[in-house]
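**Q** Have a look at this one.
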Amino acid sequence: EVVNQVVSQLIQAIRSTDGSFSSIERLGAGSYYEHVKVTEPNEFDIMLVMPVRRLQLDESDDTGAFYYLTFKRNPKEKYLLKFLDEDGKLSAFKMREALREIIKREVKNITKNIPMTVKRRKPGSPAITLQIKKPPAEISVDIILTLKLQQSWPPSTQDGLKVEQWLGRKVRRELRYESVYLVAKQNKKEKVLRGNTWRLSFSHIEKTMLNNHGSSKTCCESDGSKCSRKSCLKLLKYLVEKLKMKYPKELDKICSYHVKTAFFHSCVMWPNDTDWTWGDLDHCFQKYLGYFLECLQKSQLPHFFIPQYNLLSLEDKASYDFLSRQINYQLNNRFPIFQE
């Protein structure tokens, strides 16, 4: 309730303050909105989505995930021209800073009723983070500037989203007709860190897949049979979150997106609802966990939509090995961490 109140007020202010952001819309993303949140509902991801007609996407490295954006001739969105950098690229940094300033101003008006602050910038994070101090809890809200392009997905996604066996060809085709979403995310591999790269985002598709996850259409509906897919995902998320709390330094490079990506790959490897029967939860969880451990061991976890992009880079191998050891310990001792 508090989050909705704050975000609605912010969106009103953003739309009216600066013509550049007048078309912004809200999209809830992340685990709370996918119904796979495992701890207190104290973290929210809100994407502020801005429709843009057409942009040219140029890959900024070999991952196929990061792009420079330039306008084709005579853009309809003249109000965005002030956010171009000296090379004519749309600068994620400039846009995010402009948005941040509006939010900071508006937060001063809101704090009369709800105490909150805008947190300091985290290097490399695409989010503008609000900290709402609403006793008895603190709530953190990540606001993520997102562009929504009405154009076809870039070539790097061609062989991704391999859901034919699991969700069917028709579903894959429909999902690929969805808009292209890009978030203002710094690419660390950029030779000169200018902050003008954007990263593809598939949050909207992931949300759809999680909420319609069965190979049969009635999976987990009130009159359908219940599967264990989401429970498996929640269990592994919970396990990794607990371990991250215990070993923040060692597991700094591990995030819940790794867990979610491994989950989607598992759904493809075991595509049938019978592979995930509810009564067989422990066995299903062990299978999925086994696959995740294999990924950590090889430092190899392809992005679900951009297969050439490996989410586990070799330079963080120590972190993956540490997590593997911790998970194996839990596995062999019947998960003491769940009892804590």
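**Q** Do any strands (runs of 3 or more DSSP E) lying entirely in the range 34-130 carry at least 3 residues that are open to solvent by 60 Å² or more (accessible area, probe 1.4 Å) and in contact with a Gly (Cβ under 7 Å, 6 or more places away or on another chain), and which ones are they? Show your work before the answer.
**A** Values: elements: 43-52, 55-59, 66-71, 116-118.
Per the criteria, no element qualifies.
**Q** Let me confirm something: among Val192, Val171, Val163, which residue is assigned to a loop (DSSP other than H, G, I, E, B), of a type in the set (A, V, I, L, M, F, W, C), modelled with pLDDT of 85 or more and closer than 27 Å to Leu57 by Cβ? Steps first, answer last, please.
**A** Details: Val192 fails: modelled with pLDDT of 85 or more; Val171 fails: assigned to a loop (DSSP other than H, G, I, E, B).
The match here is Val163.
**Q** Looking at Glu315, is it more than 30 Å from Glu164 (Cα to Cα) and open to solvent by less than 60 Å² (accessible area, probe 1.4 Å)? Before you say what the answer is, go through the steps one by one.
**A** Working: more than 30 Å from Glu164 (Cα to Cα): yes; open to solvent by less than 60 Å² (accessible area, probe 1.4 Å): no.
It is false that Glu315 is more than 30 Å from Glu164 (Cα to Cα) and open to solvent by less than 60 Å² (accessible area, probe 1.4 Å).
**Q** Being buried (at least 21 other Cβ atoms within 10 Å of the Cβ) and either outside the structural domain of Leu145 (by the TED database) or at pLDDT below 90 (or both): is that true of Leu251 here? Write out each step before concluding.
**A** Numbers: buried (at least 21 other Cβ atoms within 10 Å of the Cβ): no; either outside the structural domain of Leu145 (by the TED database) or at pLDDT below 90 (or both): yes.
So Leu251 does not fit the description; no.
**Q** Only residues that are of a type in the set (A, V, I, L, M, F, W, C) and either open to solvent by less than 10 Å² (accessible area, probe 1.4 Å) or part of a helix (DSSP H, G or I) (or both): list them for the range 318-340, please. Don't jump to the end; show me each part of the working.
**A** Within the range 318-340, the first condition is being of a type in the set (A, V, I, L, M, F, W, C), and the residues that meet it are 318, 322-323, 327, 331, 335, 337-338.
Listed by number, the residues that qualify are Ala318, Phe322, Leu323, Ile327, Leu331, Ile337, Phe338.
Results for (1) closer than 24 Å to Arg172 by Cα; (2) assigned by the TED database to the domain that holds Arg172; (3) in contact with a Leu (Cβ under 8 Å, 6 or more places away or on another chain); (4) modelled with pLDDT of 95 or more, shown as yes or no for each residue.
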position	(1), (2), (3), (4)
Glu241	no, no, no, no
Lys260	yes, no, yes, yes
Phe264	yes, no, no, yes
Leu296	no, no, yes, yes
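**Q** Which one of the conditions (1) crowded, with 17+ Cβ neighbours inside 10 Å; (2) closer than 23 Å to Leu167 by Cα; (3) under 23 Å from the mean Cα position of the chain (by Cα) does Cys220 fail to meet, given that it meets all the rest?
**A** Just one mismatch for Cys220, condition (3).
**Q** Condition first: in the same structural domain as Ser91 (by the TED database), more than 17 Å from Phe264 (Cβ to Cβ) and aliphatic (A, V, I, L, M). Can you find one or more residues in the range 168-178 that meet it?
**A** No, because not a single residue in the range 168-178 is in the same structural domain as Ser91 (by the TED database), more than 17 Å from Phe264 (Cβ to Cβ) and aliphatic (A, V, I, L, M).
**Q** Do we have Ser256 as within 20 Å of the chain's Cα centre (by Cα), at pLDDT 95 or above, polar (S, T, N, Q) and surrounded by 13 or more Cβ atoms within 10 Å (Cβ to Cβ) here?
**A** Details: within 20 Å of the chain's Cα centre (by Cα): yes; at pLDDT 95 or above: no; polar (S, T, N, Q): yes; surrounded by 13 or more Cβ atoms within 10 Å (Cβ to Cβ): yes.
It is false that Ser256 is within 20 Å of the chain's Cα centre (by Cα), at pLDDT 95 or above, polar (S, T, N, Q) and surrounded by 13 or more Cβ atoms within 10 Å (Cβ to Cβ).
**Q** How many residues, within the range 131-154, are in contact with a strand residue (DSSP E or B) (Cβ under 9 Å, 6 or more places away or on another chain), more than 16 Å from Phe304 (Cβ to Cβ) and open to solvent by 10 Å² or more (accessible area, probe 1.4 Å)?
**A** Start the filter on the range 131-154 by keeping residues that are in contact with a strand residue (DSSP E or B) (Cβ under 9 Å, 6 or more places away or on another chain), which leaves 131-134, 138-154.
Filter again for more than 16 Å from Phe304 (Cβ to Cβ), leaving 131-134, 138-152.
Those still in the list that are open to solvent by 10 Å² or more (accessible area, probe 1.4 Å) too: 131, 133-134, 138-140, 142, 144, 148, 150-152.
Of the residues in the range 131-154, 12 are in contact with a strand residue (DSSP E or B) (Cβ under 9 Å, 6 or more places away or on another chain), more than 16 Å from Phe304 (Cβ to Cβ) and open to solvent by 10 Å² or more (accessible area, probe 1.4 Å).
**Q** Would you pick out the residues in the range 52-78 that are under 20 Å from Gln186 (Cα atoms) and without any contact (Cβ under 8 Å) to a residue 40 or more places away in the chain?
**A** Gln56, Asp58, Thr70, Phe71
The values are calculated or read from the model by the stated rules, or taken from the named source; none is laboratory data. Here the structure is a predicted model, which means the values were calculated and not measured. Cβ atoms come from the backbone with ideal geometry, glycine included; neighbour counts cover every protein chain shown. Surface accessibility is based on the protein's heavy atoms, side chains included, excluding ligands, DNA and RNA. Shrake-Rupley method; radii C 1.70, N 1.55, O 1.52, S 1.80 Å.
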